[in-house]
Amino acid sequence: MGGLVRVLFFGAAAEAAGRTEESFTAQDTAALRRQLTEKYPALAGIPFRMALNKTLLKEESVLKINDIIAVLPPFQGG
Amino acid sequence: MGGLVRVLFFGAAAEAAGRTEESFTAQDTAALRRQLTEKYPALAGIPFRMALNKTLLKEESVLKINDIIAVLPPFQGG
Amino acid sequence: MNHTRPFMKNRYLVGGPITPLLISELMTLGNDDTGAGAVSIFIGKVRGDEIEGKRVTAIEYSAYEEMAVREADGIVNTVRSAFSDVRSVLILHSMGVVRAGEASLFIMVTAGRRDQASRACRHTLEMVKEKLPIWKKELF
Amino acid sequence: MNHTRPFMKNRYLVGGPITPLLISELMTLGNDDTGAGAVSIFIGKVRGDEIEGKRVTAIEYSAYEEMAVREADGIVNTVRSAFSDVRSVLILHSMGVVRAGEASLFIMVTAGRRDQASRACRHTLEMVKEKLPIWKKELF
């Protein structure tokens, strides 16, 4: 359980992290979320959600190696 | 009061009357309505409304000379 | 696609179908209004329905034209005063013969934002159906 | 009017503005469906708003493209199964820079009759706003 996951940053989250992609090692999404806001305090000001392998997370989830996590600020399409 | 009015027939009312225009002499719209359905019994089968000088009648109205009455079957635009 | 320009009987009624070319032109109206963030359009088309075993090939529209213009003016004014965010309202209806697949009604509403554009377009459509003295005759 | 053909990144996302020419072409899709009596269209455009004293001249859109395609597929399927009279649903959103006055969103729904065309178009619009992972950045 847990492993090296790929994290994608979008919109204001990419600006807060200063990058669009980075690798993290985490057991589950809750732990990853804490790592993210510790490393990038500006992220804490963005009410971001996360997608796991292109599907919006509805509850915290265990992570496995090669999972793709996307950090998604509020959507603004239209 | 009352007089020679111009009556316009539209849609199915024109087919029922076999014409698009005709003159009638009537005191008010109620009397005109009776004349119309007596002369053209097929009109009685059409739930027509009437417009007086391009405005839909909401209640019976006295007629004066040169008024224009339109016989309007249910609208079907769109 | 029909590229001939239809005959405008007045600002609401056009002779024959509302062609794709005319629609393209109508849609450029108000393109210079950068406050209009939302455009809602409704297009009504003649359906090739089967009625009592016969296929509709066209509909012939007729109208009490003077009253239709007056009523359409009233609809535009009502919509503009009921929806404060609305910036333009356009109504166009065909007269005469329109074949199956062709457009006979075009409504376009622009507004600052989507909610009023969308609701005002629907409201305009319902009022057009209810208030314009227009009749149709199916041709087979 | 811009007559160049925009670059389709996939069936839902297009690079740059949704041009009048592209809209004209999209509107001819399904013109051969004589069962479609009603077409509802929504076009979203970039507004030249003033924000803190500065005028917006353009918006730059970005997306999580793979997820956007998956979500848009889901929207189309949901709308088609929720509205039995709906015959086609088309969604197109811009990526990259779209200037004030230009279109960044195009939704078109065809149906047999007006009620479902109108309601399904509005429903699609709300789902696009809620579900597509797209972000914008105002340019001044």
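Of C:Lys54/C:Lys136; A:Lys54/D:Lys54; B:Lys54/C:Lys137, which ones are farther than 27 Å apart at the Cα?
Working: C:Lys54/C:Lys136 17 Å; A:Lys54/D:Lys54 36 Å; B:Lys54/C:Lys137 23 Å.
Checking Cα-Cα distances, A:Lys54/D:Lys54 exceed 27 Å.
Considering only DSSP beta bridges where both residues belong to chain A, give the percentage that are antiparallel (nearest 5).
Antiparallel: roughly 75 percent of the beta bridges in chain A.
Please give the calculated 222 nm ellipticity per residue for the protein assembly as shown, where each DSSP H segment of at least 4 residues contributes -39500 (n - 2.57) and the sum is spread over every residue; nearest 500 deg cm²/dmol?
Using -39500 (n - 2.57) per qualifying helix, the result is -9000 deg cm²/dmol.
When the dipole is taken about the Cα centre of the range C:79-132, and only Lys, Arg (+1) and Asp, Glu (-1) are charged at their Cβ, what size is it in debye, to the nearest 20? Working shown, then result.
Numbers: 9 positive and 5 negative charges, 21 e Å.
That gives the range C:79-132 a dipole magnitude of about 100 debye.
If each label sits 7 angstrom from Cα along the C-beta direction, how far apart, in nm, is D:Glu25 from its counterparts in the other copies?
2.3
Can you tell which of B:Thr55, B:Thr37, B:Thr25 shows the greatest fluctuation in a Gaussian network model of chain B with Cα springs below 10 Å?
B:Thr55
To the nearest 10 degrees, how steep is helix A:29-39 against the longest Cα principal axis of chain A, on a 0 to 90 scale?
50 degrees
Taking springs between alpha-carbon atoms closer than 10 angstrom, which of C:Ala36, C:Ala82, C:Ala72 fluctuates most in the Gaussian network model of chain C?
Comparing C:Ala36, C:Ala82, C:Ala72 in a Gaussian network model of chain C, the most mobile one is C:Ala82.
Which pairs break 26 Å Cα to Cα here: B:Lys39/B:Lys64; C:Lys9/C:Lys129; C:Lys45/D:Lys9; B:Lys58/C:Lys45; D:Lys45/D:Lys131? Walk me through the numbers before you get to the answer.
On the way: B:Lys39/B:Lys64 21 Å; C:Lys9/C:Lys129 20 Å; C:Lys45/D:Lys9 31 Å; B:Lys58/C:Lys45 32 Å; D:Lys45/D:Lys131 19 Å.
The pairs that break the limit, which is 26 Å between Cα atoms, are C:Lys45/D:Lys9; B:Lys58/C:Lys45.
If Lys and Arg each add +1 and Asp and Glu each add -1, what is the summed charge of the other residues whose beta carbon sits under 14 Å from the beta carbon of C:Arg114?
+4
Quick one: net charge around D:Tyr64, please, counting Lys, Arg +1 and Asp, Glu -1 for every other residue with C-beta under 11 Å from its C-beta.
-1
Normalising by the residue count of chain A, find the relative contact order in percent from Cα pairs under 8 Å and 6+ residues apart. Intermediate results must be reported in sequence, preceding the final value.
Working: 147 pairs, mean separation 33.6, N = 78.
For chain A, the relative contact order is 43 percent.
Which distances, shortest first and in nm, link D:Phe7 to the matching position in the other copies, using label points set 7 Å out along Cα to C-beta?
Between copies, matching label points for D:Phe7 lie 4.9 nm apart.
FYI, it's all coordinate maths here, none of it is from the lab. Computed from a predicted structure; not experimentally measured. Because the Cβ atoms are built from the backbone with ideal geometry, glycine has one as well, and the counts that use them run over all protein chains shown.
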